[in-house]
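Data first, discussion second: the structure below is written as structure tokens.
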Amino acid sequence: MTDEAPVDPGRVRRSPDPLLLILAGLVAGIGLVVDRDIRTGLYVCAGSLVAAALLRLALRPRAAGNLVVRSRHVDVAVLLGAAVAVAVLAAVTPFPRS
């Protein structure tokens, strides 16, 4: 007989969802758009989307949490496409100086 305590299946340790990190980056970028510089804020948003793509590519589906929507390749392609689109639009759009 061992002296180990039984494992409580209701107390499973879960890692934080990586989507929270991405959302924090997007909120920071939108805050920059509203408060400071539009172009810099959009670049921060594009960087957050690139980070999401890299996390989706590197993490297992169970660890990627809510970043998993479709297959890995489709998710990464959509996230990178959105990041490129936001960055290109930020680069070529003439924003008024405030």
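The values are calculated or read from the model by the stated rules, or taken from the named source; none is laboratory data. Note that this is a predicted model, so its numbers are computed, not measured. When we count neighbours, we look across all protein chains shown, and the Cβ atoms used for this are built from the backbone with ideal geometry, even at glycine.
For the stretch 52-78, filtering for residues that are over 19 Å from residue 15 (Cα atoms) and more than 12 Å from the chain's Cα centre (by Cα) leaves 7. Of the set (1) outside any helix (DSSP H, G or I); (2) β-branched (Val, Ile, Thr); (3) at pLDDT 85 or above, all apply to residue 2 but (3).
Selection within the stretch 70-97: residues that are of a type outside the set (Lys, Arg) and touching a Lys or Arg at 6+ places or on another chain (Cβ under 9 Å). The member of this set that is farthest from residue 52 (Cα to Cα) is 95. All conditions but one from (1) in contact (Cβ under 8 Å) with a residue 24 or more places away in the chain; (2) crowded, with 17+ Cβ neighbours inside 10 Å apply to residue 89; the one that does not is (2).
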